[in-house]
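Q: To start, I am sharing the structure in question, which I have written as C-alpha cells.
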Amino acid sequence: MSTRPLLKVTGVETLVCDAGWRNYFFLKLSTDDPAVTGWSEYDEGFGSPGVGAVIEQLARRLVGYDVFQHERFFTEASCLTRPAPGSVIGQALGALENAMLDAKAKALGVPCYELLGGKLRGTVPVYWSHCPTWRINHPTHYGKRVTDLAGVTRAAAEATERGFKALKTNLFLHDEGDAYAWRPGFAVPFEPGLNVTPRLLRNIRAHLEALREGAGPDTEILIDLNFNAKPEGMLRILREIADLPLFWVEIDSTQPQALAHVRQHSAHPIASCETVFGVRGFLPYLQHQAIDVGIVDTVWNGVWQSMKIAAACDAYDVNVAPHNFYGDLCTLMNLHFAAAVPNLRVMEVDVDRLPWEHELYTHGPEIRNGELIVPDRPGWGTDPIEAAIRARPPKGSGGLLQYKRS
C-alpha cells in the first residue's frame, strides 16, 4: 500500500501580461507544499476568448484535489462539462492538467517527460515558424521589417545561416508596394467566400520562390494555408505549387472527408488538426486518411491527453507535430511532449521573439543547430517570473481580436 502523502491543490490563479501584439496567459497552481507550485501557459488570443473564466469555474472543483490525480480530475471535469466539450472548456481543462503535471513532476524531482514514459530523444528537430510572417505583420515588435520579396529572401537566408533545417511561412500579397497577410479565414480581409484568385496564386508562388532562393536547396520549406480557402480553392493552390519542393502543406478543415479528397490530389504531404480536440476529434481524420502529419496542440488538449492523441495517430502510421506559437513556457511544455512521443515528425518554434521576452521566465528554450535541447530540470524546466509578468499589464484584447496591419 502506498505511503505517499497527498499533495493537495490549495489555489489556482491566472496571470496575464502584455506580449506585443497579443497577451500571454499563465496559470499558477498552488499546493499545500510551499516548495511545489505548478505552472502552465494557455492562450485566449487565437480565437478563444474566455478560457480564463472557465478556468476560474473549474478551479473551484480542483481545490482540495491531489495533484497526482490529474487523470481523475480531467475525467470528472469532462463529465461535468459533457454538454459543451472542446473549445474554451477543453482549453481550460488542458491548462489545468498541464499545471498539475508540472507540480507532480516537481514533487517527484523529475522532468515532466519522465511522467510521459521517459525521454526518447535529447534534442528535438524544429522548424522556424512564421518566417518571415512576424516581420511582415508585426515589425514594430520584432524588427527586421520585411516589405517585399527581397526581404523574404533575406529572411530565408538568415534561417539557413543560423542552422535551421526548415522554415514555415503563411500567405501574403506583394504586388501593391508593401507585403501584407492574406487571412480571409480570420476576417483579414473580410471575404467569407474564401475564394482563390489568379492574383493570389501568383503571389503564393512568388513568395515560395523567394524563400527557396534565400534558403538554398537543403532547407525545407513548409506553408500554412490555415482556414483561408475551401477545398476547391485548396486544390487550385496545390496545383499551382505542385512542382515546388515542400516539406508539407498545412491546411485547417472541419471536414475530414473533404480534407481527404484534397490530400488525394496533393503532390505534397498534408498536415492538419491543430484546432482539433481529443482522440475522438482526431479519429475521423485518421479513419478517412485525411492527414500525413497530425498537428497536436498540447496547450489546448493538455500534454497527458496529447500523448493519447499521438498514440491514436501512431496506430494509423501517422506522425505528429506539436502546434507551438505561444510563449516560452509553451515551448518547454511542447518540448517534453516531443521528447517522449515515439512518432514525432518535427516541432514548431517561433524564433523571432520580443527583445524583453526572456525576462518573463527563469529559463528559456535552448536552440542549437536547428534543434531544441531537452532540459533535465524538474517539471517543465522553467517557471514564469511573477514580478516581470505583473510589471507588464495586459492589453484589453490581443491576437486575432485586435489584429491590424502594422
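Q: When the chain is modelled as a GNM with alpha-carbon springs shorter than 10 Å, which of Ala92, Ala19, Ala181 fluctuates the most?
A: Fluctuation is largest for Ala181.
Q: Sticking with this structure for a sec: Relative to the present Cα-Cα distance, how much length would full extension add between Arg61 and Glu359 at 0.36 nm per residue of separation?
A: Extending this stretch completely gives an extra 104.0 nm.
Q: How far, in degrees from 0 to 90, does helix 51-62 lean away from the longest principal axis of the Cα atoms of the chain, to the nearest 10?
A: The angle comes out at about 20 degrees.
Q: Give the long-range amide H neighbours of Glu250: residues separated by 5 or more places, or on another chain, with amide H under 5 Å away, using H modelled in the peptide plane at 1.01 Å from N.
A: Hits under the 5 Å cutoff: Ile223, Asp224, Leu225, Ala271.
Q: Right, next: Taking other Cβ within 10 Å of each residue's Cβ, how do Thr3, Thr254, Thr219, Thr81 sort, fewest first?
A: Sorted ascending by nearby Cβ count, the order is Thr3, Thr254, Thr81, Thr219.
Q: Taking the stretch 205-248, which chymotrypsin sites (Phe, Trp or Tyr not before Pro) meet the DSSP loop condition and have no more than 13 other C-beta atoms within 10 Å?
A: Qualifying residues, ordered by number: none.
Q: Most mobile of His323, His141, His130 per a Gaussian network model of the chain (Cα springs, under 10 Å)?
A: His141
Q: Got a sec to turn the phi values of the stretch 375-380 into Karplus ³J(HN,Hα) couplings, 6.51 cos²θ - 1.76 cosθ + 1.60 with θ = phi - 60°, whole Hz, x for Gly and Pro?
A: For the stretch 375-380, the Karplus curve yields x, 10, 6, x, x, 6 Hz.
Q: Per residue of the stretch 121-134, what does 6.51 cos²θ - 1.76 cosθ + 1.60 with θ = phi - 60° give for ³J(HN,Hα)? Whole Hz please, x for Gly and Pro, Karplus curve as stated.
A: Each residue of the stretch 121-134 in turn: 8, x, 10, 10, x, 10, 10, 6, 7, 6, 10, x, 3, 5 Hz.
Q: Hey, another quick one. Out of residues 5 or more away from Leu120 or on other chains, whose amide H comes under 5 Å of its own, with H placed 1.01 Å from N in the peptide plane?
A: Here the answer is Ala340, since their amide H atoms fall under 5 Å of that of Leu120.
Q: Pull up all non-local amide H partners of Ala267: gap of 5 or more, or a different chain, and H-to-H distance under 5 Å with H placed in the peptide plane.
A: Under 5 Å from the amide H of Ala267 lies no amide H from a residue far enough along the sequence or on another chain.
Q: A further question follows. Could you check the spin-label model distance between Arg145 and Glu209? Points 7 Å from the Cα along Cα→Cβ, value in nm.
A: My value for the distance between the label points is 2.7 nm.
Q: Between Ala339, Ala99, Ala84, which gets the highest mean-square fluctuation from a Gaussian network model of the chain, Cα cutoff 10 Å?
A: With Cα springs under 10 Å in the chain, the top fluctuation among Ala339, Ala99, Ala84 is at Ala84.
Q: How many lysine pairs are close in the chain, with Cα atoms under 29 Å apart and the two 8 or more places apart or on different chains?
A: 28
Q: I would also like to ask the following. Please determine, in degrees from 0 to 90 and to the nearest 10, the orientation of helix 149-161 with respect to the longest principal axis defined by the Cα atoms of the chain, where the helix direction is its Cα long axis.
A: 50 degrees
Q: If I model a spin label as a point 7 Å beyond the Cα along the Cα-Cβ vector, how far apart are those points for Lys119 and Ser397 in nm?
A: 4.3 nm
Q: How do Asp292, Asp328 line up, fewest other C-beta atoms within 10 Å first?
A: Asp292, Asp328
Q: Multiply the residue gap between Glu176 and Glu76 by 0.36 nm, knock off their C-alpha separation, and tell me the result in nm, one decimal place.
A: Separation in residues times 0.36 nm, less the Cα-Cα distance, equals 30.6 nm.
Q: If you don't mind, there's one more thing I want to ask. Which entry is the computed Rg and Dmax of the Cα atoms in Å for this structure: (1) 21.6, 79; (2) 23.3, 80; (3) 20.7, 72?
A: (3)
Q: Fewest first, what order do Met100, Met307, Met234 take by the number of other Cβ atoms within 10 Å?
A: Ordered from fewest to most neighbouring Cβ atoms within 10 Å, Met100, Met307, Met234 come out as Met307, Met234, Met100.
Q: Could you grab the relative contact order for the chain? Cα pairs under 8 Å, six or more apart, rounded to a whole percent.
A: Worked out over the chain, it gives 22 percent.
Q: Using +1 on the beta carbon of Lys and Arg, -1 on that of Asp and Glu, and nothing else charged, what's the dipole of the chain about the Cα centre, debye to 20?
A: The dipole magnitude comes to about 380 debye.
Q: I've got another one for you. For the stretch 275-286, what does the Karplus curve 6.51 cos²θ - 1.76 cosθ + 1.60, with θ = phi - 60°, yield as ³J(HN,Hα) per residue in whole Hz, taken in order and with x for Gly and Pro?
A: Taking θ as phi minus 60°, the curve returns 9, 9, 10, x, 4, 4, x, 6, 4, x, 5, 6 Hz for the stretch 275-286.
Q: For the stretch 298-384, with the dipole built from +1 on Lys and Arg beta-carbon atoms and -1 on Asp and Glu ones, taken about the Cα centre, which of Pro378, Ala311, Leu335 lies farthest toward the positive end?
A: Ala311
Q: Can you tell me the length gained on complete extension of the stretch Leu6 to Asp218, counting 0.36 nm per residue apart and subtracting the Cα distance?
A: Computed gain between Leu6 and Asp218 is 71.1 nm.
Q: Enter the angle in degrees (range 0 to 90, nearest 10) between the Cα long axis of helix 70-80 and the first principal axis of the Cα atoms of the chain, meaning the one along which they spread out most.
A: Approximately 80 degrees, to the nearest ten.
Bear in mind that the values in this text are calculations on the coordinates, not laboratory data. Values in this document were obtained by computation on a predicted structure and should not be read as measured data. So basically every Cβ, Gly included, is an ideal-geometry build from the backbone, and we count neighbours across all protein chains shown.
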